[in-house]
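Visitor: First, the structure itself, so that you have it in front of you.
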């Protein structure tokens, strides 16, 4: 084979909390916050599949921009979206993201399962707390005993 093949497609599932895990993403701004995050991902060169969450955190499923490091993508996403969210939703510098975040790789074969999980976030949190959810993810991915 003499042709060079270039094909990078990496899906990730990121979870970001509001600063101090405050429940400030109210139902009246939730869709706007998700749209702002989607736009920021596009600006960074990432392809968003789904964004959903609750009042204190969001789940994002997106394709990585192959030219940027993951931590740079998250840093740009948090900074850019915080600025726009404050301008469009709060009109003050009262919104921010926690510096801590979680990111897990997703295989193509599991993408639809993860997307369905993210779609049902509100139902998920009727049955379990955010802390329990995070601990389950950490255990699932071998990061917590």
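None of the figures in this text is laboratory data; all of them are computed from the coordinates on show. Since the model is a prediction, treat every value here as computed from it, not as a measurement. Neighbour counts run over all protein chains shown; Cβ positions are idealised from the backbone, glycine included.
Visitor: Please arrange 137, 62, 95 by counting, for each residue, the other beta carbons lying within 10 Å of its beta carbon, fewest first.
Guide: Listing 137, 62, 95 from fewest to most nearby Cβ atoms yields 137, 95, 62.
Visitor: Largest first and in whole Å, what are the equivalent-ellipsoid semi-axes of the stretch 29-135 based on the Cα gyration tensor, each being the root of 5 times an eigenvalue?
Guide: Largest first, the stretch 29-135 gives 21, 19, 12 Å.
Visitor: For 56, 123, what ranking results if the residue with the fewest other Cβ atoms within 10 Å of its Cβ goes first?
Guide: 123, 56
Visitor: Pairing the Cα long axis of helix 130-140 with the longest principal axis of the chain, what angle in degrees results, from 0 to 90 and rounded to the nearest 10?
Guide: 20
Visitor: Please arrange 54, 18 by how many other C-beta atoms lie within 10 Å of their C-beta, fewest to most.
Guide: Ordered from fewest to most neighbouring Cβ atoms within 10 Å, 54, 18 come out as 54, 18.
Visitor: Taking only Cα atoms, what is the 0 to 90° angle, nearest 10, from helix 70-85's long axis to the longest principal axis of the chain?
Guide: Orientation of helix 70-85: about 30 degrees from the principal axis.
Visitor: Just from its helices, what would the mean residue ellipticity at 222 nm be for the chain, if runs of 4 or more DSSP H residues each count -39500 (n - 2.57) and the sum is divided by every residue, rounded to the nearest 500 deg cm²/dmol?
Guide: -13000 deg cm²/dmol
Visitor: Would you mind pulling out the separation of the Cα centroids of the stretch 111-145 and the stretch 7-62, in Å?
Guide: Taking the Cα centre of the stretch 7-62 as reference, the centre of the stretch 111-145 is 15 Å away.
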